[in-house]
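Below is one structure, written out as structure tokens; the observations come after it.
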């Protein structure tokens, strides 16, 4: 590690600590400055330092290569096999909780490129090549076989299927080994076999993004928070009786009638949660030791109801679960370092109201609603001014279910 990279890492650590302190001040209660001026500046500083650190790391570390027979090495290469193979790691941290919802095309674990590399003038022959990828001890193999009929490269992506029983035991950040095997089926020779270390995120971890080592980019996984919204869980359905008891008409009708019927249902839900004593527990988004992902521990909604405690994400998925069970369209709103809930005022209206769920145990509905709307306005404006949609993401559960195919975990 060079002196320049060490210095950037130290600067990033200091900037991250400052952002964490300001986020705790801003989101730990409902009385902070709604404009979030100091926090916004600190986040810009952190983003700048982090971007420079990533660019330098990518330059120095070979951009996520697991293996590359086109570069000088001690492996079999084009001179002996007539094949070139490059395998790149695309996900340094595997989100075990939602991996079953991912597909190889959009979220591969590894990407492969193979081609014939026989000397010029050599007649073309058909070569059959098999590439296998697995996470040792945790997955079935992902396999692809291609025919190479000329020197045109073939690209493909692989994502192994995890074994549920083995993944269930991953309760903390766990180191694992991914192996990549490239074989020439016609000659029976192994072109290359190489392993690389990856990290498995705990099943209780909600992944927000993971690092793509091959590009240095962040891969946004926030839509998959919709999997933690569980409107059909028996505990959620059962709690609707308590919610209905808080409604002036003692009933929940969803979007039936007119738009005036919607907010009283949301307020009844909020007050029902207050009555059972749901309390906010401060837990800002945490980074793992290698800073290859952003994630936060998360309880399923039934667990939050049982424990009567919730961090910001716990509260958001709990509220969203209840609203979806009430036949309303909730949304998960993600801003840097924080999350809050939203609900559409009428089907397909595109009009949204917001709710700061961290205030359930300390403030009434009006204050929480006002604070949520203030945060949404401030961050949506920032995102538009900066041209950066990551500063404000509002994931409608209707869209997550119908368009993205993200189903509840239970």
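For region 349-389, the candidate set comprises residues that are under 23 Å from the mean Cα position of the chain (by Cα) and part of a loop (DSSP other than H, G, I, E, B); within that set, the residue that is modelled with the highest pLDDT is 356. So is residue 34 surrounded by fewer than 19 Cβ atoms within 10 Å (Cβ to Cβ), modelled with pLDDT under 85, outside any helix (DSSP H, G or I) and in contact with a helix residue (DSSP H, G or I) (Cβ under 8 Å, 6 or more places away or on another chain) or not? It is true that residue 34 is surrounded by fewer than 19 Cβ atoms within 10 Å (Cβ to Cβ), modelled with pLDDT under 85, outside any helix (DSSP H, G or I) and in contact with a helix residue (DSSP H, G or I) (Cβ under 8 Å, 6 or more places away or on another chain). When region 291-312 is examined, which residues are found to be touching a residue at least 40 places away in the same chain (Cβ under 8 Å) and touching a helix residue (DSSP H, G or I) at 6+ places or on another chain (Cβ under 7 Å)? Correct list: 296, 298, 299, 300, 301, 302, 305, 310, 312.
Residues in region 279-315 that are at pLDDT 90 or above and assigned to a loop (DSSP other than H, G, I, E, B) were compared, and the one that is farthest from residue 13 (Cα to Cα) is 308.
Quick one: would you say residue 166 is within 23 Å of the chain's Cα centre (by Cα), over 30 Å from residue 319 (Cα atoms) and in a helix (DSSP H, G or I)? So residue 166 passes the test. Does residue 128 qualify as being surrounded by 14 or more Cβ atoms within 10 Å (Cβ to Cβ) and over 24 Å from the mean Cα position of the chain (by Cα)? Criteria not met by residue 128.
The values are calculated or read from the model by the stated rules, or taken from the named source; none is laboratory data. Worth saying up front: this structure is predicted, and the values here are computed from it rather than measured. Reconstructed Cβ throughout: ideal geometry from the backbone, glycine too, with neighbour counts over all protein chains shown.
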